[in-house]
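Here the structure is laid out as structure tokens; the discussion comes afterwards.
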Amino acid sequence: MNDLEKLFIGELSDAYDAEHQLIDTLPKMAEMAHSDELKSAFRQHLEQTLGQVRRIEEVFQSFGETPRRRHCDGLEGIIDEGELVAKEFENNTALDAGLIAAAQKVEHYEIATYGSLCTWAKELGNDRAFGLLKEILDEEKDTDEKLTMLAMSGLNVQALQHDTEKRGETASKFAKIVS
Ligand code: FE
Ligand code: FE
């Protein structure tokens with residue numbers, strides 16, 4: 001095994017662990033979210049994540065390796081921060097905005113990981129692995145975009161409106177800008 005392949009398998013093991021952490025976390029986020037759209041976005045991404053785990057296992061196999069997990073500290077940190085926000089804003093109208101922000105940090109982390117893995121799979125001449133990883137990368141990018149749309153579509157505005165009713169017109173101005 002050459003150095004790049006070693007690096008690739010290590011990073012893949014990290015991603016495999018990260019997806020498992022998310023399988024535990026996404027149902028909690030769906031449960032917590034106030035809006036039905038956000039709940040369903042989290043549930044849909046949970047389904048995708050289960051498929052991503054299977055694809056990662058195929059990538060391991062395409063390199064003749066047994067799937068293994070290496071604890072992903074980075075994702076654990078992002079999840080921990082999200083839990084703090086969720087706790088602080090529980091029963092608060094800004095909760096969904098906070099959950100979206102936490103979820104987008106996860107997606108950006110994943111996009112960075114799968115972007116690198118795609119590049120390395122290509123460099124290692126493993127087209128099968130590249131194809132599978134590219135499918136995952138595209139799902140993460142779609143999810144990130146969907147979360148941006150949800151953030152812009154009114155969840156944040158509603159939170160802001162509620163919060164600023166006492167403080168003037170900022171919210172309605174903001175609502176006009178994004179509508
Ligand atoms: Fe993922
Ligand atoms: Fe994801």
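The values are calculated or read from the model by the stated rules, or taken from the named source; none is laboratory data. Model, not experiment: these values are computed from the prediction. All Cβ positions, glycine included, derive from the backbone under ideal geometry; neighbour counts span all protein chains shown. For the accessible areas, the whole protein counts, side chains as well, though only heavy atoms, and no ligand, DNA or RNA atoms are used. Shrake-Rupley method; radii C 1.70, N 1.55, O 1.52, S 1.80 Å.
Summary of computed values
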item	result
Theoretical ellipticity at 222 nm over the chain - DSSP helices of four or more residues, -39500 (n - 2.57) apiece, nearest 500	-28000 deg cm²/dmol
Hydrodynamic radius (Kirkwood) for region 3-178, which is based on Cα pairs only, to one decimal in Å	17.3
Region 99-150 - Rg (one decimal) and Dmax (whole number), Cα, Å	12.2, 39
Span-rule helices in the chain, defined as complete DSSP H runs reaching 30 Å or more along the axis (Cα) with Kyte mean at least 0.0	95-123
1.4 Å probe accessible area per residue over the chain, in Å²	54
Translational D in µm²/s for region 33-74 (Stokes-Einstein at 20 °C, 1.002 mPa s, Kirkwood Rh from C-alpha pairs)	174
Cα pair distances in region 6-62, grouped into 5 Å bins until the bin that holds the longest one, percent each	5, 19, 25, 19, 14, 9, 7, 3, 1
Rounded percent of accessible protein surface that carbon and sulfur make up, the chain, 1.4 Å probe	51
Net +/- balance of residues flanking GLU145 in space, Cβ distance below 12 Å, scoring K and R +1, D and E -1	-4
Largest to smallest accessible area among SER35, SER153 [probe 1.4 Å]	SER153, SER35
D (Stokes-Einstein, µm²/s), Kirkwood Cα radius, region 50-130, 1.567 mPa s at 4 °C	88
